[in-house]
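K.L.:
Take this structure, written in structure tokens, and hold onto it; I'll ask about it next.
The values are calculated or read from the model by the stated rules, or taken from the named source; none is laboratory data. Please read all numbers here as calculations on a predicted model, not as lab measurements. Backbone-built Cβ (ideal geometry, glycine too); neighbour counts: all protein chains shown.
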Amino acid sequence: MPRGGTRIGAGRPKGRSNKRPKGSVRLAVMAEPYAAEALDVLVNVMRSSKSDTARITASCAILDRRYGRPAAQVDVNRRSEVEVTYHSIAELRAAALADGIPLDLLPPFMRADAASETIKAIDHEPSERKNDSGNGTAH
């Protein structure tokens, strides 16, 4: 099925405005008279509460309302090395059985009855796999 383009019934119906519902505007208008009182409550909690958690929460709420919430920062330039270890199917099967996983819960290709021929066909030695640097590990 092609993606994108126009599709029957997709999008905002013609004639409908691109604005938020009127109810949310009414709610904001209704809350406006209480905003100063709510701020006073937050300030009171911030100044007089015996709980550090309550004081910090109130302080954060006040700062968020004044300056806005801080933007999330993601460091996409950070790199870390990852060591990849290759295991044969026989090694994975042995580890699973050693960990107490019942044979009937293993995938079919790892069970003893079906695994013997599959292991011969698919299995490889971990030392045969090398990355570009030729040292047997991938990063």
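K.L.:
For segment 12-91, please list each of the helices (runs of 4 or more DSSP H) lying entirely inside it that holds at least 3 residues being closer than 30 Å to L103 by Cα and out of contact with any Lys or Arg (no Cβ under 7 Å at 6 or more places or on another chain). Outline the logic, then answer.
P.N.:
Numbers: elements: 22-31, 35-48, 52-67.
Here the list is empty.
K.L.:
Next question, about the same structure. Would you confirm, using the coordinates I've provided, whether I62 is outside the structural domain of P107 (by TED's automatic domain parsing), touching a helix residue (DSSP H, G or I) at 6+ places or on another chain (Cβ under 8 Å) and surrounded by 10 or more Cβ atoms within 10 Å (Cβ to Cβ)? Break it down into steps so the answer makes sense when it comes.
P.N.:
Values: outside the structural domain of P107 (by TED's automatic domain parsing): yes; touching a helix residue (DSSP H, G or I) at 6+ places or on another chain (Cβ under 8 Å): yes; surrounded by 10 or more Cβ atoms within 10 Å (Cβ to Cβ): yes.
Yes, satisfied.
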